[in-house]
Amino acid sequence: MADKIATREAYGMALAELGDKYDFVVFDADLASATKTGIFKKKFPDRHFDCGIAEGNMMSMAAGVASTGRIPFVSTFAMFAAGRAFEPIRNSIGYPHLNVKIGATHAGISVGEDGATHQCCEDLATMRSIPGMTIINPADAIETFAAVEAAINFYGPVYMRFGRLAIPTIYDKATYKFEIGKGVVLADGKDCAIFATGLLVGFALEARELLKADGIDAAVINIHTVKPLDNELVCSYAAKCGAVVTAEEHNIIGGLGSAVCETLAENCPTPVRRIGVRDVFGRSGKVPPLLEMYGLTAGHIAAAVRESVAAKK
Amino acid sequence: MDQAKIKELKRLSAEIKLGALEAVWSASSGHPGGSLSISDILAYLYFVEMKIDPKNPNWEDRDRFVLSKGHTAPAYYAALALRGYFPREDLKTFRQVDSYLQGHPDMKGTPGVDMTTGSLGLGISAAAGMAMSGKIYNKDYRVYAMLGDGELGEGQVWEAAMFSAHYKLDNLCAFVDWNGLQIDGPITEVMDSTPIDKKFEAFGWHVISIDAHDFEQIAAALEEAKTVKGQPTVIIAKSIKGKGVSYMENQVSWHGAAPNNEQYEQGVKEINTYIASLN
């Protein structure tokens with residue numbers, strides 16, 4: 001396992017590396033050193049533009065750039081993209097389905113010390129509600145690179161969700177094949193299907209190991225594309241396992257848990273337990289105790305799986 | 001500009017007004033007041049100023065126009081129809097469920113519409129983005145935008161104003177349709193956006209003030225804008241809301257109301273009388 005790296009860092013590195021291969025420009029809202037688009041800026045100073053602290057303008061402005069046939073990446077914190085600039089994204093980018101790539105960093109509780117105002121646990125909900133928006137929440141640095149390249153080669157608005165926290169690498173760059181909209185079965189299993197996204201994918205894999213001691217064989221599926229959801233894979237694993245746990249660093253309302261419940265309710269009713277922020281605001285703190293406090297650890301996922309499996313009997 | 005040309009522009013503007021009125025009347029909804037106040041500028045932009053090709057609406061190097069005050073789509077659609085982007089007769093489908101003429105401009109559905117707008121404050125940002133792209137990729141097209149005076153209440157307008165000056169977008173020229181009225185009343189009572197000129201000046205724009213209904217002033221302002229280097233230009237165009245239809249002029253109530261049959265006929269008659277007077 002490689003050194004730990006935050007997906008925001010991997011995002012900045014991906015932009016810098018892919019900048020040689022593809023023609024795109026990058027905009028940031030006075031956070032380039034935090035969103036890591038600054039890595040791209042260093043290599044391509046003529047293709048990186050600061051918009052200042054004005055996220056609404058940045059989104060609609062990027063729509064104008066995209067309308068001329070160019071590919072703009074726009075970056076800020078998830079809170080100020082999917083939150084503050086929701087309406088410009090909805091009306092200037094989403095409605096005309098313009099080719100803008102939104103790289104939103106500092107999503108979720110793992111922002112840590114900055115606290116509730118900056119811990120966006122609502123972005124998947126707001127972005128999911130925009131017709132035609134593609135949402136990708138990578139689980140590690142390798143997947144981030146692949147997602148950025150896939151977003152460049154895909155026509156349409158894409159919301160990419162990145163984290164602040166340095167996390168272990170799950171994938172092998174040489175062999176990993178990423179496809180927008182296709183979930184990845186990281187570990188097969190038969191007793192319960194864990195659908196996880198982003199930071200929680202690594203925790204789900206840890207939970208699977210913990211559950212072996214209980215004789216539980218849990219499947220771990222990485223849903224990197226929260227929208228469009230891989231309905232087929234979700235339904236097939238729900239049917240196979242008969243129990244589902246979702247795991248995300250987001251409010252249990254409106255994110256992956258909701259998306260999975262929606263498709264299962266319509267297509268393959270299956271009991272679901274949701275690991276996520278339980279409709280409360282975050283708070284300041286170091287990340288490990290925060291994840292513990294908000295119920296977002298491997299232990300919490302494992303406990304939910306045990307409950308799900310017990311309920312089957 | 002010679003008198004024949006001015007006369008022709010006046011006729012075109014009147015035709016835009018007839019089209020806008022017909023669209024709003026057919027839909028029994030829409031925004032006539034602010035459509036009539038911008039008809040002269042639209043006529044000049046679409047029939048004189050802009051480098052466009054109605055046969056190739058997506059031509060990469062074309063000049064762009066963004067109707068930031070998107071609710072005045074009736075005049076916009078009429079101008080586009082008259083310029084040849086789509087049939088004039090389609091104006092009567094405005095706001096109907098099977099029409100491509102949406103209540104507010106939809107770039108994906110309507111030929112000639114360069115940007116989807118309607119939510120106030122967003123269009124000027126998009127126009128700045130088009131201008132920015134032109135600068136980044138060394139294109140020489142120009143970008144025009146039309147703001148409302150009430151729209152200036154949106155904070156994003158000023159974000160866009162700051163951005164455009166910061167990046168020296170001298171390929172961007174915005175108009176402010178200063179008709180003095182917004183939905184709830186005169187702007188000076190609802191939310192005073194004046195002094196408009198001093199605000200833009202303070203934001204680093206080149207400011208020109210004109211009479212929105214004087215073609216020589218429109219022409220001169222647009223010529224001046226093209227000579228300005230290193231700054232975006234705003235043309236503050238003092239206008240009459242409802243211009244050309246006597247009972248609509250300077251009436252807040254005609255911001256977003258459709259004329260009934262009698263009112264429509266009277267409006268058409270007044271405009272046709274005006275057109276006849278030009279000959």
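The values are calculated or read from the model by the stated rules, or taken from the named source; none is laboratory data. Just so we're clear, the structure is a prediction, and the values are computed from it rather than from any experiment. Heads up, the Cβs are rebuilt from the backbone with ideal geometry, glycines too, and the neighbour counts pull from every protein chain shown.
Scanning the stretch B:7-55 for residues that are over 16 Å from the mean Cα position of the chain (by Cα), part of a helix (DSSP H, G or I) and either of a type in the set (Lys, Arg) or under 20 Å from B:Ala221 (Cα atoms) (or both) yields B:Lys7, B:Glu8, B:Arg11.
Restricting to the stretch B:100-128, name every residue that is buried (at least 24 other Cβ atoms within 10 Å of the Cβ), more than 7 Å from chain A (Cβ to nearest Cβ) and in contact with a helix residue (DSSP H, G or I) (Cβ under 6 Å, 6 or more places away or on another chain). Residues satisfying the conditions are B:Leu101, B:Pro105, B:Thr117, B:Gly121, B:Ile124.
Taking the stretch A:1-88 and the helices (runs of 4 or more DSSP H) fully enclosed by it, the elements with 3 or more residues that are facing chain B (nearest Cβ under 8 Å) and crowded, with 24+ Cβ neighbours inside 10 Å are at A:55-67. Can you confirm whether A:Ile93 is within 26 Å of A:Ala139 (Cα to Cα), within 11 Å of chain B (Cβ to nearest Cβ) and either in contact with a helix residue (DSSP H, G or I) (Cβ under 6 Å, 6 or more places away or on another chain) or surrounded by fewer than 20 Cβ atoms within 10 Å (Cβ to Cβ) (or both)? So A:Ile93 fits the description; yes. Limited to the stretch B:151-170, what total is found for residues that are over 22 Å from B:Ser239 (Cβ atoms), in contact (Cβ under 8 Å) with a residue 60 or more places away in the chain and either surrounded by fewer than 20 Cβ atoms within 10 Å (Cβ to Cβ) or within 14 Å of chain A (Cβ to nearest Cβ) (or both)? Selection size over the stretch B:151-170: 4. Within the stretch B:191-234, the set of residues being outside any helix (DSSP H, G or I) and of a type in the set (Phe, Trp, Tyr) comprises B:Phe203, B:Trp205. Quick check, is A:Ala139 buried (at least 24 other Cβ atoms within 10 Å of the Cβ) and outside any helix (DSSP H, G or I)? So A:Ala139 passes the test.
I need the full set of residues from the stretch B:59-94 which are aliphatic (A, V, I, L, M) and more than 20 Å from B:Ser26 (Cα to Cα), in order please. If the condition is that a residue be aliphatic (A, V, I, L, M) and more than 20 Å from B:Ser26 (Cα to Cα), then B:Val66, B:Leu67 are the ones that fit.
Here B:Tyr144 meets the list (1) more than 13 Å from chain A (Cβ to nearest Cβ); (2) touching a Cys at 6+ places or on another chain (Cβ under 6 Å) almost entirely, failing just condition (1).
Determine whether A:Phe203 is at pLDDT 95 or above, not in a strand (DSSP E or B) and not β-branched (Val, Ile, Thr). So A:Phe203 passes the test. Within this structure, A:Ala116 passes the test of being more than 14 Å from chain B (Cβ to nearest Cβ), touching a Phe, Trp or Tyr at 6+ places or on another chain (Cβ under 6 Å) and either of a type in the set (Gly, Ala, Ser) or free of Cβ contacts under 8 Å to residues at least 12 places away in the same chain (or both). Within the stretch A:182-196, the set of residues being in a loop (DSSP other than H, G, I, E, B) and over 25 Å from A:Ser110 (Cα atoms) comprises A:Lys182, A:Asp188, A:Gly189, A:Lys190, A:Asp191.
Could you list all residues from the stretch A:86-108 that are closer than 19 Å to A:Asn251 by Cα and of a type in the set (A, V, I, L, M)?
Selection gives A:Ala104, A:Ala107.
Quick check, is A:Val100 facing chain B (nearest Cβ under 8 Å) and of a type in the set (A, V, I, L, M)? Don't jump to the end; show me each part of the working.
On the way: facing chain B (nearest Cβ under 8 Å): no; of a type in the set (A, V, I, L, M): yes.
For A:Val100, the condition - facing chain B (nearest Cβ under 8 Å) and of a type in the set (A, V, I, L, M) - is not met.
Screening the candidates A:Ala147, A:Ala151, A:Ala207 for the property of being outside the structural domain of A:Pro131 (by TED's automatic domain parsing) and of a type in the set (Gly, Ala, Ser) yields one hit, A:Ala207.
For every residue, the table says whether it meets (1) of a type in the set (A, V, I, L, M, F, W, C); (2) closer than 29 Å to A:Gly64 by Cα; (3) over 11 Å from the mean Cα position of the chain (by Cα).
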{"residue": "A:Gly108", "(1), (2), (3)": "no, no, no"}
{"residue": "A:Thr126", "(1), (2), (3)": "no, yes, yes"}
{"residue": "A:Gly156", "(1), (2), (3)": "no, yes, yes"}
{"residue": "A:Lys173", "(1), (2), (3)": "no, no, yes"}
{"residue": "A:Tyr176", "(1), (2), (3)": "no, no, yes"}
{"residue": "A:Ile180", "(1), (2), (3)": "yes, yes, yes"}
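Table: residues versus (1) surrounded by 24 or more Cβ atoms within 10 Å (Cβ to Cβ); (2) polar (S, T, N, Q).
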residue	(1), (2)
B:Glu8	no, no
B:Ser28	no, yes
B:Gly33	yes, no
B:Leu36	yes, no
